[in-house]
Amino acid sequence: MSNEAAQAAAYAHYGHQHPQQVNPRLQQTNYDRPQWDDDSASESEGTVVDDTPESRAGPAYGGGPGHPGHHVGGQVPPAHLNRQPSGRSGKNIPPPEAMGRPLTAPSPAPSVPAGSYALMDESNKRTNLGNTKLLMTLLSEMWIVHMAFILGGTFCMTFLLPQGYTDHELWNFTCYWKIGWLLPVPYTFICFFGLALPFRTPKFIYKSDMPKRRVDNLYILTVTKGDNRDAVYRAWNAHKHLERLHPCVRIHVLTDEPYFFENINCYTCPKSFRTANSKYKARALEWYRQTMRYTQYDWVLHLDEESVIDDESVRRVLEFIWFETECTWGQGVILYNQYNYWKNWFFTVADALRVGDDLSRFQLQYTYFRSPVFGAHGSFLLTNGLVENHVTWDLGSLTEDYQFAMHAMDGGFKCGKVPGIIREQSPLDMIGFMKQRRRWYVGIRRLPYALPKIWNTFWTLGILCLFCTLVSIPLGFKYSNGTPRWFGLMKDFSFCNFVYLYLIGIFVQDLDKRINPLLMIVHIPMTAILQFVAGAMEAISVCYGLLFPPADFDVIKK
């Protein structure tokens, strides 16, 4: 059988019905992939790009002897590449040499893999399991529950609980030390509107007959320094099977030299690579961007080393790329229940606020504003090659993700909400927790934009809110003057919002983790109590950042 006939047979076997989708200049790969409802990534030439070193490595490939990306040809391939991998359906997958991929051994100091290792047989236990479809369905209908809890709780606290409120005066001298209670009100109003407005999902929006945006490559990129070997292989084993889901998906791991890992798709940023401003993670991302030579048909899903994405969320990422044609980057919900969930109660509850933040403030930003007015996360950051090439990663900030988002906004690029989930883990100890928050706090404060400085100011005022709360307890026994009811109403509204953000964060993560329903019920009052400690931990971390700002990028242990 001729090479062209073999390609045509493989193409028909895997259900691709649009011949214009195939680039005749490239040999096609015969992966065993599950069938999608509509597998035509786009109706354009070159959509399905073969996973060869040339198409992967860009200018780093074939740079000649001594080049970090040079691979020595003509050598016997590694033994593991001679294996006959099989797909989940039990069918044999042709070895790489049968798919038109050159087999080469890496040079002594490689920075680019010679081929994809993701298509080997899967013998490890799957760790990227979740409850994405159920959670997205539930969240799309929960806006009325959010409103009922917050407004109902506020009413009960203000008008039913005996808190000593008075209706006979609008102000008294006790309000001066209680004023800190009202400082979080702008933040809580923003979160309330984010919760009250419907959580948009693809249900009834995306249709199979809608035109699709072309996508050549979706790089799922795990970024890590590389010194934590277990974390690198844990991320790789969680994601390697995803290349079987769709022809455009590529699984890559990005590390810093000297950390290069064989038998995985590892890209190592050389020590010799320099940028004008960036260091650490941003420097490696800039090297990767230049190496891969993105086009407008390439997309990158940025993950941290502990981040895990499941199959359903990858499908939703692809739907976002195909159908949200106005958006060139986006983000989704991040949970912190992948590893060591509830191992430390305090850190689990503290990070529940971040989940609540994603479901409220950031959902408002990405769904309705289409602009990063509140910031951005460094993980679950989905970017198009066009916006990456415009902004670049040569930014020079401790919070390169937030700065990237602000530059993208200045460039007129719109963002959107990706209706998927990524799972991570909380810090392991208090010093790691404080260093993490300190880097965010100081990094945002140093950004040369008005909006980050505004949000950083509100973050700082949280210390004053905690101080006023502590002071009001002993002073309340000494001075019996009541609190004006309007003042108490604002305080109760803010308090109910804060507590609910913690509660919804725990509830969603428990449901995703399939926690026993009885334990889920127990976790609710536990969270309501522990959130006071979590708030104090956040305030202490801000003080830590004010007194001892970091000199470099802190990498915490997870």
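Based on this model, can you work out whether Thr154 counts as in a helix (DSSP H, G or I), surrounded by 14 or more Cβ atoms within 10 Å (Cβ to Cβ), in contact (Cβ under 8 Å) with a residue 40 or more places away in the chain and touching a Gly at 6+ places or on another chain (Cβ under 6 Å)? Steps first, answer last, please.
Numbers: in a helix (DSSP H, G or I): yes; surrounded by 14 or more Cβ atoms within 10 Å (Cβ to Cβ): yes; in contact (Cβ under 8 Å) with a residue 40 or more places away in the chain: yes; touching a Gly at 6+ places or on another chain (Cβ under 6 Å): no.
Considered against the rule, which asks whether it is in a helix (DSSP H, G or I), surrounded by 14 or more Cβ atoms within 10 Å (Cβ to Cβ), in contact (Cβ under 8 Å) with a residue 40 or more places away in the chain and touching a Gly at 6+ places or on another chain (Cβ under 6 Å), Thr154 comes out as no.
In summary, Gly412 fulfils each of the numbered conditions (1) more than 19 Å from the chain's Cα centre (by Cα); (2) more than 30 Å from Phe548 (Cα to Cα); (3) not in a loop (DSSP other than H, G, I, E, B) with the single exception of condition (3). When Ala196 is tested against (1) closer than 17 Å to Glu319 by Cβ; (2) surrounded by fewer than 22 Cβ atoms within 10 Å (Cβ to Cβ), exactly one condition is not met: (1).
Scanning the range 180-226 for residues that are among the aromatic types (Phe, Trp, Tyr) and farther than 21 Å from Gly488 by Cβ yields a total of 5. Screening Ser278 on (1) within 16 Å of the chain's Cα centre (by Cα); (2) surrounded by fewer than 22 Cβ atoms within 10 Å (Cβ to Cβ); (3) small (Gly, Ala, Ser) shows it passes everything except condition (1). So, in the range 157-180, of the ones that are touching a strand residue (DSSP E or B) at 6+ places or on another chain (Cβ under 9 Å) and among the hydrophobic types (A, V, I, L, M, F, W, C), which residue ends up surrounded by the most Cβ atoms within 10 Å (Cβ to Cβ)? Checking each candidate, the answer is Cys175. Taken over the range 479-498, the criterion of being surrounded by fewer than 19 Cβ atoms within 10 Å (Cβ to Cβ) and basic (Lys, Arg) is satisfied by Arg485 alone. All conditions in (1) surrounded by 18 or more Cβ atoms within 10 Å (Cβ to Cβ); (2) out of contact with any Ser or Thr (no Cβ under 6 Å at 6 or more places or on another chain) hold for Asn516, with the sole exception of (1).
Of all residues in the range 325-363, those being among the small types (Gly, Ala, Ser) and assigned to a helix (DSSP H, G or I) number 3.
So that you can scan it fast, the table gives a plain yes or no per residue for (1) more than 33 Å from the chain's Cα centre (by Cα); (2) closer than 30 Å to Asp552 by Cβ; (3) among the hydroxyl-bearing types (Ser, Thr, Tyr):
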{"site": "Arg437", "(1), (2), (3)": "no, yes, no"}
{"site": "Gly443", "(1), (2), (3)": "no, yes, no"}
{"site": "Ala450", "(1), (2), (3)": "no, yes, no"}
{"site": "Ser472", "(1), (2), (3)": "yes, no, yes"}
{"site": "Asp492", "(1), (2), (3)": "no, no, no"}
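Lys417 falls short on exactly one of the conditions (1) among the charged types (D, E, K, R); (2) surrounded by fewer than 24 Cβ atoms within 10 Å (Cβ to Cβ); (3) under 15 Å from the mean Cα position of the chain (by Cα), and that condition is (2).
Apart from one condition, Gly226 fits all of (1) modelled with pLDDT of 90 or more; (2) crowded, with 18+ Cβ neighbours inside 10 Å; (3) not β-branched (Val, Ile, Thr); the exception is (1). Checked against (1) aliphatic (A, V, I, L, M); (2) out of contact with any Gly (no Cβ under 9 Å at 6 or more places or on another chain); (3) touching a residue at least 60 places away in the same chain (Cβ under 8 Å), Ala551 passes all but a single condition, namely (3).
Looking at Leu501, is it modelled with pLDDT under 95, among the aliphatic types (A, V, I, L, M), touching a Gly at 6+ places or on another chain (Cβ under 7 Å) and buried (at least 17 other Cβ atoms within 10 Å of the Cβ)? Quick ask: steps written out before the conclusion?
On the way: modelled with pLDDT under 95: no; among the aliphatic types (A, V, I, L, M): yes; touching a Gly at 6+ places or on another chain (Cβ under 7 Å): yes; buried (at least 17 other Cβ atoms within 10 Å of the Cβ): yes.
Answer is no for this residue.
For the range 513-521, check the following and say yes or no: at least one residue is of a type in the set (D, E, K, R) and either over 22 Å from Lys133 (Cα atoms) or touching an Asp or Glu at 6+ places or on another chain (Cβ under 7 Å) (or both). So far as the range 513-521 goes, no, none of its residues is of a type in the set (D, E, K, R) and either over 22 Å from Lys133 (Cα atoms) or touching an Asp or Glu at 6+ places or on another chain (Cβ under 7 Å) (or both). The numbered conditions (1) farther than 28 Å from Glu538 by Cα; (2) at pLDDT below 95 are all true for Asn384 except (2).
The values are calculated or read from the model by the stated rules, or taken from the named source; none is laboratory data. Model, not experiment: these values are computed from the prediction. No Cβ is skipped: glycine too gets one built from the backbone with ideal geometry, and neighbour counts run over all protein chains shown.
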